[in-house]
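A short reminder: the numbers here are calculations on the coordinates, not readings from a lab. This one's a predicted model, so the numbers in the text were calculated from it and none came from an experiment. Every residue, glycine among them, receives a Cβ derived from its backbone with ideal geometry; neighbour counts consider all protein chains shown.
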2 protein chains.
Amino acid sequence: MSEPDLPTFDDIRAAQARIVGHVHRTPVLTSRLLNQHAGVHIAFKAENLQRAGAFKARGATNAVLSLDTATAAAGVATHSSGNHGAALALAAADRDIAAHIVMPSNAPDVKKAAVAAYGAHIIECEPTLEAREATLVEVVARTGAHVVHPYDDARVIAGQGTVGLEILEQVAEVDVVVVPVGGGGLLGGVALAVKTLRPEVEVVAIEPAGADDAFRSFGLGRRVLQSAPNTIADGLLTSLGVRNFALIQQYVDTIITVDDATIVEAMRLQWTRLKTVVEPSGAVTFAGLLEYPERFRGRRVAAVISGGNLDIDKLPW
Amino acid sequence: MSEPDLPTFDDIRAAQARIVGHVHRTPVLTSRLLNQHAGVHIAFKAENLQRAGAFKARGATNAVLSLDTATAAAGVATHSSGNHGAALALAAADRDIAAHIVMPSNAPDVKKAAVAAYGAHIIECEPTLEAREATLVEVVARTGAHVVHPYDDARVIAGQGTVGLEILEQVAEVDVVVVPVGGGGLLGGVALAVKTLRPEVEVVAIEPAGADDAFRSFGLGRRVLQSAPNTIADGLLTSLGVRNFALIQQYVDTIITVDDATIVEAMRLQWTRLKTVVEPSGAVTFAGLLEYPERFRGRRVAAVISGGNLDIDKLPW
């Protein structure tokens, strides 16, 4: 088996140049009250304010803009129950090409509405991984569309890595960068960017205890798959990708797990104090700071808020 | 009866210089999706991201920093069930003087907690205007504290007017400035600032239909008091102040009322699309744009989001 193609630091720089003007340079948010509460100085990189409401717009846009004209003409496709589907739909709309998004029948209405709002074709299927993959194969056979994987893709990882470049540009002094991990697209890209430019900055990943395959894989030194995840952080249910695990082994210092109760507490504090709408998966980084204060005390932390898409009629309190 | 002292434009400029570094220069938020939804180009001035979660920090800080040393030494006092109490507590803490906040016994716990977090003395009383005023008189007699009214005060109005200066500095092209109105501190100050610098810019006030004393006063040409207000916008229940009405008559172009249902719709859209936590009173400006689209279509609007303090356990949906 040949090695998968990994993104390089130069790919992240190239992605930054490619996606500028298509995605937001998101702001960094701070709160004296939250700093006091956590005993840490925190710069929140607010990717919940990204287009389509999550960092996923970066990777999807980089992938779509990387396609040659002939490939792009046939459109793009993926299966997704969440933010990647909306991000790919947005990126395709920006390039004026078709997007085919396979969505499980139990995907939340708000997610379907977001994908539909960007003009993508939605293909519903049974809510199993097998059905999603089989339906995607069918769609590709029918349309010739190019598949963009949500995280195990060098172009996607490079796009997400631009979050790391922006953190180092926007936050003058930083000791630790804290990133959520699900499939590892954001974590792999950010770790590669940060460690290349500033090897002395620690990169810490936070994962829900109920979906801790990255934590276990990192500890065992081999990739183990997630089975039966159980966490409120619905964006972090997936297993690590192959490329993502390779980057994480090389560039990440530690992976820490947090309980769902802390994730909900973190969300509430970010809503009420930062006044910003954070989804559960986006709150895991702040949850890590709350659950392990002694680990971070007195250090200057940059923590990524990965997204803000959720059903506000079904809040966890 | 002598005329009350009205703030001048120079007072707003002086307030801006006085409060810089003590309060935030809040960002302007935009959303292509909300622009499409409302058919208008909107720059949201995000005072929900202000210190203590509302524009009130500006006026309270200007008032507290305007006091001479001897007066300040005795502390400040007010009665408030809402954002002004927290703002005055914050301003007093910043100057390291005492704050005495009279609060009705039915004030929400989150509001009491916010005031307490800034180290102010809370004096509870019966939830009637008479009890609040009588208790405040008592507190002042006992402590010698200086009373800072929430809106009918030239220093407070001048402080709130700095929102208008910042809008003209931050939003390159603007045809209309849209402001919520309750007591009229924010509206009076912003209208004075905007009309002095840019008389051609329209200033439109939005008021909940269930607390429409400003709308009626403006139409009648004389100040009528609010009785039995009934609206979800709990920051806009009060009657217009004397100074505020004088400024509004001179500088405001129109007052428009909106229904509570539209306020809730506006809040939901701001939460889900802007990803920003807006309280009902803060959403009335966007509600005005949604309820009267033909009034604003094609124009460049700056709309103030006045605050983001609410109990997230009691959401109106």
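Across segment B:224-233, computed HN-Hα scalar couplings (Karplus, 6.51 cos²θ - 1.76 cosθ + 1.60, θ = phi - 60°) run 10, 8, 7, 10, 6, x, 9, 7, 6, 7 Hz from first to last residue, x flagging Gly and Pro. By the gyration tensor of its Cα atoms, with a ≥ b ≥ c the square roots of the eigenvalues, what is the shape of segment A:172-223: rounded for a/c under 1.5, prolate for a/b over b/c, or oblate? Prolate shape, in that a/c is at least 1.5 and a/b is the bigger ratio.
Label segment B:208-317 by shape, choosing from rounded, prolate and oblate, from the square roots a ≥ b ≥ c of the eigenvalues of the Cα gyration tensor; if a/c is under 1.5 it is rounded, and otherwise prolate applies when a/b is larger than b/c, oblate when it is not. In terms of gyration-tensor shape, oblate. For chain A, find the longest principal axis of its Cα atoms and tell me its angle to the long axis of helix A:185-197, 0 to 90°, nearest 10. The answer is roughly 60 degrees.
Here the scattering of the protein assembly as shown is modelled by Debye summation over its C-alpha atoms, one equal scatterer each and no solvent; at q = 0.06, 0.10, 0.13 Å⁻¹ the log10 of I(q)/I(0) is -0.35, -0.90, -1.32.
With label points defined 7 Å past Cα in the direction of Cβ, position A:ASN230 shows copy-to-copy spacings of 4.8 nm, given to one decimal and shortest first.
Under 5 Å between amide hydrogens, built in the peptide plane, is the criterion, and for A:ILE256 it picks out A:ALA205, A:ILE206, A:GLU207 among residues at least 5 positions away or on other chains. Taking every C-alpha pair closer than 8 Å and separated by at least 6 residues, the mean separation divided by the residue count of segment B:1-126 gives a relative contact order of 18 percent.
Comparing B:SER281, B:SER31, B:SER239 in a Gaussian network model of chain B where C-alpha atoms under 10 Å apart are linked, the largest mean-square fluctuation is found at B:SER31. For chain A, relative contact order (Cα pairs under 8 Å, six or more residues apart, normalised by length) works out to 22 percent. Counting only DSSP beta bridges whose two residues both lie in the protein assembly as shown, roughly 10 percent are antiparallel.
Pairs of C-alpha atoms in segment B:156-197 farther apart than 18 Å represent 16 percent of all such pairs.
Between copies, A:ALA93 shows label-point distances of 4.2 nm, shortest first, with the point placed 7 angstrom from Cα along Cα to C-beta. Helix A:9-19 and the longest principal axis of the C-alpha atoms of chain A enclose an angle of approximately 70°. Compared with the dominant principal axis of the Cα atoms in chain B, helix B:260-269 is inclined by about 80°.
Across all directions, the average projected area of the convex hull around the alpha carbons of segment B:57-147 is 5.0 nm².
Each residue of segment A:101-108 is assigned a 3J(HN,Hα), and the resulting list reads 10, 7, 10, x, 4, 8, 5, x Hz, derived from the Karplus form 6.51 cos²θ - 1.76 cosθ + 1.60 (θ = phi - 60°), x at Gly and Pro. Let a ≥ b ≥ c be the square roots of the eigenvalues of the Cα gyration tensor of segment A:223-267; is it rounded (a/c under 1.5), or, if not, prolate (a/b larger than b/c) or oblate? Oblate is the answer for segment A:223-267, as a/c is 1.5 or above yet b/c matches or exceeds a/b.
Put simply, segment B:132-280 fits an ellipsoid with semi-axes of 26, 20, 17 Å; these come from the alpha carbon gyration tensor as the roots of five times its eigenvalues, largest first.
Here the Kirkwood formula puts the hydrodynamic radius of segment B:18-72 at 13.2 Å, using every distinct Cα pair.
Counting from the shortest, the label point at A:PRO199, 7 Å from Cα toward Cβ, is 6.7 nm from the same position in each remaining copy.
The radius of gyration of the Cα set in chain A, together with its Dmax, comes out at 18.2, 57 angstrom. Here A:ARG142, B:ARG155 are placed in order of increasing Cβ neighbour count within 10 Å, fewest first, which gives A:ARG142, B:ARG155.
Sorted fewest first by neighbouring Cβ atoms within 10 angstrom, B:TYR251, B:TYR292 come out as B:TYR292, B:TYR251. Evaluating 6.51 cos²θ - 1.76 cosθ + 1.60 at θ = phi - 60° for every residue in segment A:24-36, the Karplus couplings come out as 7, 7, 6, x, 9, 9, 9, 8, 4, 5, 5, 4, 4 Hz, glycine and proline recorded as x.
Across segment A:57-147, the mean sequence separation of Cα contacts (distance under 8 Å, 6 or more residues apart), normalised by length, yields a relative contact order of 32 percent. The order of A:ARG51, B:ARG268, A:ARG222, going from fewest to most other C-beta atoms within 10 Å of their C-beta, is A:ARG222, B:ARG268, A:ARG51. Under 5 Å between amide hydrogens, built in the peptide plane, is the criterion, and for A:VAL102 it picks out A:THR78, A:HIS79, A:SER80, A:ILE123 among residues at least 5 positions away or on other chains. Residues whose amide H falls under 5 Å from that of A:HIS41, counting only those 5 or more places apart or on a different chain, are A:GLY298, A:ARG299, A:VAL301, with hydrogens built in the peptide plane.
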